[in-house]
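The values are calculated or read from the model by the stated rules, or taken from the named source; none is laboratory data. For clarity, every value in this text was computed on a predicted model and none was experimentally measured. As a convention, Cβ positions derive from the backbone with ideal geometry for all residues, glycine included, and neighbour counts pool all protein chains shown. Ligands, DNA and RNA are stripped out before the accessible areas are found, and what is left, the full protein with its side chains, is counted by its heavy atoms. Shrake-Rupley method; radii C 1.70, N 1.55, O 1.52, S 1.80 Å.
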Amino acid sequence: MNGPEIHVEFAPELRLFLPNGRRQDGAARVGTDGVSTLGHVVESLGVPLTEVGTLLVDGREVPVSHVPAGGESVAVRPVGRPQRVPGAPLRFLLDVHLGTLARRMRLLGVDTAYESTDIGDPALAALSAAEQRVMLSRDRGLLRRRELWAGAFVYSTRPDDQLRDILDRFRPELRPWTRCTACNGLLKEATKDEVADQLEGGTQRSYDVFAQCTQCGRAYWKGAHHEQLVAIVERALADYGAES
């Protein structure tokens, strides 16, 4: 873009996406060409549109399709929280790098699809659109794909922080202990006889209360790691359960 310049200023929350030289003040000067949209300009500077809430041009709100003219001053604001995703039940799709987050979201009863193998960005984007799921990823290229139903960048690499951020951003309904952490299927109560083929001798003698996935058949009981799972659930309910 070689035409008259516009001034673009990014909110602090979005500056991590900018090149190192622009992160401190979050500002950039960009030449216009009379054709490229403001959405294209923002993404060309490194910020996925999934993370953009409001675009202000000289103080007035404009859509991403706005074609900027030289001399305009643009303010880029982050997505508001809680973020509402209209048009479909709130459900998610996670890429291959977010397995722990997927299991924790399922533990809380959040409808969470997860691909344990790398099926590629085009296939993930198509699945997001076909099933109307919010794509969660740390891959900015994936989040820029136009066919996505909706998307969100996962800011942290730590599962505890990832879960806290997603729950704060979307406030999904929490229904702990209702989904299979392996496949996302719904759980039902089960008798010991119904799951006997999955139990070792010690488990058969020590436990009497079971659940079973209606989709993959996996059995669940309050085993050795149950206290750790309870802690995850109790923290989430304390922070977000009342508003779900």
Only one of A102, A75 that is surrounded by 15 or more Cβ atoms within 10 Å (Cβ to Cβ), on the phi < 0 side of the Ramachandran plot, part of a helix (DSSP H, G or I) and in contact with a strand residue (DSSP E or B) (Cβ under 6 Å, 6 or more places away or on another chain): A102
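Criterion first (farther than 30 Å from S36 by Cβ and in a loop (DSSP other than H, G, I, E, B)) does P89 satisfy it?
yes
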Given (1) in contact with a helix residue (DSSP H, G or I) (Cβ under 8 Å, 6 or more places away or on another chain); (2) buried (at least 16 other Cβ atoms within 10 Å of the Cβ); (3) within 20 Å of H97 (Cβ to Cβ), index of the condition D165 fails: (1)
From S156, S128, S116, S137, residue being modelled with pLDDT under 95 and of a type outside the set (A, V, I, L, M, F, W, C): S116
The one condition in (1) under 30 Å from E43 (Cα atoms); (2) exposed (fewer than 13 other Cβ atoms within 10 Å of the Cβ) that S156 fails to fulfil: (2)
Condition check for T191: under 26 Å from S116 (Cα atoms), polar (S, T, N, Q) and either touching a residue at least 60 places away in the same chain (Cβ under 8 Å) or open to solvent by 50 Å² or more (accessible area, probe 1.4 Å) (or both): no
Scope segment 38-64; condition β-branched (V, I, T) and surrounded by 15 or more Cβ atoms within 10 Å (Cβ to Cβ); matching residues: V41, V42, V47, T50, V52, V57, V62
